[in-house]
1. So, in the stretch 23-46, exactly how many residues are closer than 19 Å to VAL9 by Cα and aliphatic (A, V, I, L, M)?
2. Enumerate the pairs (first residue in the stretch 29-44 and free of Cβ contacts under 8 Å to residues at least 24 places away in the same chain; second residue anywhere and polar (S, T, N, Q)) with beta-carbon separation below 8 Å, excluding pairs fewer than 6 apart on the same chain, so at least 6 apart or on different chains.
3. Filter the chain down to the residues that are assigned to a loop (DSSP other than H, G, I, E, B) and among the aliphatic types (A, V, I, L, M), then identify the one that is modelled with the highest pLDDT.
Amino acid sequence: MSMERVICVPLSDAEWRAFLAIQPQPVAWLQQQIRQQVQVAATREPQPSQTVRSAAVN
């Protein structure tokens, strides 16, 4: 897998330490959260046939 995007989240040292205390693998956790959201969004996307119908109604 090649790296295509980078996310930078500015956190204070205290915030970072508190987050690490509850989530010891922050990068893996963030990747998992993003992938889950993408999957949820994909299931909500209208199918091509639904798009045509809604365009015809409007």
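1. So the answer is 4.
2. Here the result reads TRP29/GLN23, each pair linking the stretch 29-44 to a residue that is polar (S, T, N, Q).
3. Here the answer is LEU11.
The values are calculated or read from the model by the stated rules, or taken from the named source; none is laboratory data. Every value quoted in this text rests on a predicted model; they were computed, and no experiment measured them. Glycine gets a Cβ as well: all are built from the backbone with ideal geometry, and neighbour counts include every protein chain shown.
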